[in-house]
Amino acid sequence: MSFATLKRNQKDLMSKLKEEATKLKDPDKKGYEDDRYWKPERDKSGNGYAVIRFLPQRDGEDMPWVRLWNHGFQGPGGWYIENSLTTLNKQDPVSEFNTKLWNNGTEDGKDQARKQKRRLSHISNIYVIKDPAHPENEGKVFLYRYGKKIFDKLNEAMNPDFEDESSMNPFDLWGGADFKLKIRMLDGFVNYDKSEFDSPSTLGEFDDDALEEIYNQVHSLVELIAEDQFKPYDELKTKMEKVLGLVEDTDTQFDVEKFTAPKSADPVVTKSDDVSSNTGDTMDYFEKLANSGS
């Protein structure tokens, strides 16, 4: 949509966003470094703070976020860190294998499936208002990858629980609100619960010319989940088999009754099976280990 259309259709866009966010509120449970992405830096104690503004989607795209599923786990053959084809509503070899492990009737099978489960992240465009750790990022547009906890904050803004709370489109340039990202370590885990939206206001109190300049910098989101961002099924299957040390005989490679969880396939420790809330931190950990050859 054009900038003029964006401003004219604020209410219609809000209705569409609320509907879509409601559908995704409770999902069933990759992206790596590049200079388009921003992420908050945490201090030695694990705390971090920044102020950002979520931005609308580029002209021609439907939603101001995309969802990306991935897998990250280690086996005797190394690390498996790949986008999941389930993002595209296609069959994925790890998800298929996990289903068979889960249904093999053993607790070991279920435990191994949990270690290899897919993880969810959302990606949106943001404008960085305040970044104490890296002030050079302020006033710039980035992509931001976030998990379920942050998405829940967005959804709550669009679909408040109580009648006395006003609904807000957090992606709106004029009627949205700055988002105070507050990160802390709680019982050894990264926690975003104190993050909150400020009062609704025009981004930066900028005039329309300045807002249009910012809007013209937003990145395409649909490109992030295009077909070319995913490896073919057969290639993923071969890599999974190598990482997990599965037998090469194609007649027995999915014999889950005989499959024993490799000792080196340690899980990423999380509070529960829902690991999507800290996806970015988890994948950073995966990537560092993989790149170091661990």
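The table below gives the values:
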{"quantity": "Failed item in (1) at pLDDT 95 or above; (2) surrounded by 17 or more Cβ atoms within 10 Å (Cβ to Cβ); (3) over 17 Å from LEU181 (Cβ atoms); (4) touching a Pro at 6+ places or on another chain (Cβ under 9 Å), with LEU68 passing the rest", "calculated": "(4)"}
{"quantity": "Residue selected from the range 125-172 under the condition of a type in the set (Asp, Glu) and exposed (fewer than 13 other Cβ atoms within 10 Å of the Cβ), by the criterion modelled with the highest pLDDT", "calculated": "GLU136"}
{"quantity": "The lone exception for LEU181 - which of (1) modelled with pLDDT under 55; (2) under 16 Å from the mean Cα position of the chain (by Cα); (3) outside any helix (DSSP H, G or I) it fails", "calculated": "(1)"}
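The values are calculated or read from the model by the stated rules, or taken from the named source; none is laboratory data. Not measured: the values here are computed from a predicted model. Note: ideal-geometry Cβ built from the backbone for every residue, glycine included; neighbour counts use all protein chains shown.
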